[in-house]
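To keep things clear, I will list the structure first and then write my remarks on it.
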Amino acid sequence: MFKFKHESLETNTGLLLVGTMLAISIGGLVEIAPLFLIDDTMEKVDGVRPYTPLEQRGRDIYIREGCYTCHSQMIRPFRDEQLRYGHYSLAAESKYDHPFQWGSKRTGPDLARVGGKYSNEWHVQHLIQPKSVVPESVMPNYPWLIETPLDYSDVGARMRALRTVGVPYSTTQAEYDQNVKEFGAEVAVQLHIPDAQRNLVKQAQEGNFDGDRSSISEMDALVAYLQVLGTMVDFSKVAPEDLVKFR
Amino acid sequence: MANEQQTSQGVQTTGHVWDGDLQEFNNPLPVWWTYGFYATIVFALVYWFYYPSWPVGSGFLKGMGSETYVNAQGEEESWHWNTRAKLLRETQEAAAQQKPWFDKIASLPYEQVTKDAELSSFVQSAGRALFSDNCAGCHQTGGAGKIGHYPNLADDNWIYGGSFDKIHETIAQGRHGYMPPYAEALDAAQVDALAHYVLSLGGEQADAAKAAQGKDLFHSHAAACYYCHGNDAKGRMDIGSANLTDKVWLWADVPGAADTAGKVAAVRKVIAGGLDSGVMPAWEGRLSEEQIRVLTLYVHELGGGK
């Protein structure tokens with residue numbers, strides 16, 4: 001019979017590698033795998049939808065500029081956080097986020113519910129020069145966002161990439177009809193990949209996020225994204241004790 | 001592990017030897033450390049029994065701990081311990097503690113709240129926290145505002161009205177200031193004349209001839225400034241048009257300009273470009289009615305109110 005000897009593990013690199021990986025994976029298996037099996041992981045709430053093409057491009061810029069290194073998007077269920085930032089974040093609210101932006105490093109405030117808290121003008125001014133509106137801020141200036149035209153030529157391809165990881169952007173009429181059922185006609189239009197560029201231009205011009213309708217800047221996209229954060233679920237229609245039961 | 005040996009100092013070794021004489025000592029751990037380790041195992045067992053722990057199939061062990069809170073029907077309800085249930089209980093307990101204060105503020109007319117010293121100090125401390133979290137981003141700490149962007153709340157000048165009801169309306173429903181751009185309707189000389197007139201209204205130095213020409217334009221159909229700003233140029237609070245006859249500047253950075261030319265340029269910019277950015281978000285929904293009332297009182301006190 002095989003007799004385990006520590007020496008055989010220590011003197012065989014390949015075996016040590018496999019053994020190390022097995023030992024490390026236990027943590028992941030115990031903490032992550034059950035979440036896929038447990039029924040009550042994802043809350044059942046209305047309103048959560050995938051991002052529109054413009055918001056999605058804004059999210060790309062958010063990640064490109066490294067906003068996540070200082071800002072989390074995860075309000076934890078504690079009283080102090082609820083008082084400052086609003087209702088705690090739900091798992092359902094980031095189900096279309098790939099990758100999610102939860103984070104745990106807050107040099108700046110949490111942004112999970114920043115949508116609607118400030119005007120578009122404030123966001124533009126704040127992103128160009130944060131100290132001009134918040135004197136004690138240590139956030140750097142991002143003046144190029146308003147000067148750089150948004151490259152949206154590949155927005156359809158970006159949406160197709162997200163589609164492969166499960167975001168229900170539609171390419172066919174059948175998928176579109178499915179989205180109408182799931183999200184309503186108004187949202188379904190925004191999720192249709194063949195119309196992505198047209199939808200992006202339309203939302204940017206109607207929303208006038210950067211205060212200049214004549215062109216679409218990266219600022220338009222980023223502000224559109226910031227303004228939708230945390231606004232999809234109407235918490236006046238959710239009983240707090242129902243959310244308790246999803247933990 | 002096999003053939004364990006003793007070193008010359010009497011310490012046990014693992015028996016591993018490298019380079020002929022490099023040995024691995026096998027000293028026992030300190031006793032306190034060993035018992036500390038056992039204690040963590042006992043702690044883990046207690047933890048597993050009390051808190052939600054192991055996954056089982058499509059569910060998990062809920063643990064013996066529980067939290068009790070009040071549900072939407074007003075009934076007491078218990079659920080196994082979790083952070084959301086704990087938060088709900090704590091929120092309700094805190095609300096119950098603050099209830100006597102908020103109830104008074106909600107039931108009393110604003111004027112009476114300001115006369116009650118105890119309530120006023122509650123408004124000052126609760127209001128300051130709310131203001132810092134929600135309002136100071138734009139209106140700045142202390143409500144000083146920012147010329148060119150956000151109105152000063154600490155002065156005696158109110159764009160939409162400084163009564164309690166008007167301040168409440170502004171906070172709850174938000175505001176959207178708008179002025180059409182005149183760059184196309186008027187030519188450069190006309191905009192220049194209007195700028196001189198507006199400066200003269202505010203007591204600033206201006207070219208008298210141009211100001212007189214601007215005054216005619218102000219009351220003419222071509223520019224029709226009087227339509228929003230009124231015949232007396234004192235503005236209309238119901239639509240939030242600015243009072244042009246005082247020395248308070250919000251959109252045109254006149255106080256920041258070095259000379260008359262700079263002041264004219266600042267006013268010209270507003271007339272030519274118009275305004276579409278004076279947006280204050282609506283706070284109804286984000287803040288509770290009680291919180292909006294506290295903020296109304298706080299903001300009213302900042303500027304002395306009307």
Practice prompt. Ignore the peptide's own chain and count Cβ atoms of other chains within 10 Å of each Cβ in A:25-35; give me the average, rounded.
Written response: 1
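So which helices of chain B fit the span-like rule, where a helix is a whole DSSP H run, its Cα atoms reach 24 Å or more along the axis, and its mean Kyte-Doolittle is at least 0.0?
On the way: long enough: B:31-50 (29 Å, 1.16); B:83-107 (33 Å, -0.90); B:117-134 (25 Å, 0.04).
Passing helices, by number: B:31-50, B:117-134.
Taking the Cα centre of the protein assembly as shown as the origin, how large is its charge dipole in debye, to the nearest 20, when only Lys and Arg (+1) and Asp and Glu (-1) carry charge on their Cβ atoms? The partial results should precede the final answer.
Working: 48 positive and 68 negative charges, 19 e Å.
With Lys and Arg at +1 and Asp and Glu at -1, about 100 debye.
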Worksheet item: Highest GNM mean-square fluctuation, chain A, Cα pairs closer than 10 Å: which of A:Val18, A:Val187, A:Val30?
Response: A:Val18
Item to complete: Kindly state, to the nearest 0.05, the FRET efficiency for B:Leu108 paired with A:Ser132, given R0 = 41 Å and r defined as their beta-carbon distance.
Response: 0.55
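For A:238-246, what's the mean count of beta carbons from other chains sitting within 10 Å of each residue's beta carbon?
Working: counts 1, 3, 10, 11, 2, 4, 14, 6, 2.
Whole-number average of other-chain Cβ neighbours for A:238-246 is 6.
Across the residues of B:196-203, average count of Cβ atoms on other protein chains within 10 Å? Intermediate results must be reported in sequence, preceding the final value.
Numbers: counts 0, 0, 0, 0, 0, 0, 0, 0.
Averaged over the peptide's residues, the number is 0.
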Fill in: Cβ crowding within 10 Å averaged over residues, with B:201-209, A:99-107, B:269-277 ranked highest first
B:269-277, B:201-209, A:99-107
Worksheet item: In degrees, nearest 10, range 0 to 90: what is the angle between the Cα axis of helix A:155-164 and the longest Cα principal axis of chain A?
Response: 30 degrees
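Pairs to check: A:Lys44/A:Lys181; A:Lys237/B:Lys146; B:Lys210/B:Lys263; A:Lys117/A:Lys237. Give those whose C-alpha atoms are more than 26 Å from each other in this structure. Each step should come with its number before you reach the end.
Details: A:Lys44/A:Lys181 16 Å; A:Lys237/B:Lys146 37 Å; B:Lys210/B:Lys263 14 Å; A:Lys117/A:Lys237 20 Å.
Over 26 Å apart, Cα to Cα: A:Lys237/B:Lys146.
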Discussion item. If packing is taken as the average count of other Cβ atoms within 10 Å, what order do B:247-258, B:55-66 fall into, highest mean first?
Written reply: B:247-258, B:55-66
Discussion item. Can you compute the label reach from A:Lys105? Point 7 Å from Cα along the Cβ direction, backbone N cut-off under 20 Å, restricted to the range A:52-71.
Written reply: A:59-71
Item to complete: Based on the mean of other Cβ atoms within 10 Å per residue, sort peptides B:135-147, A:110-122, A:234-246 so the most packed one is first.
Response: A:110-122, B:135-147, A:234-246
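Laboratory data are not the source of any read-out in this text; all were calculated from the coordinates shown. Quick caveat, the model's predicted, so the values are computed rather than measured. Ideal geometry is used to build each Cβ from the backbone, glycine not excepted, and the neighbour counts take in all protein chains shown.
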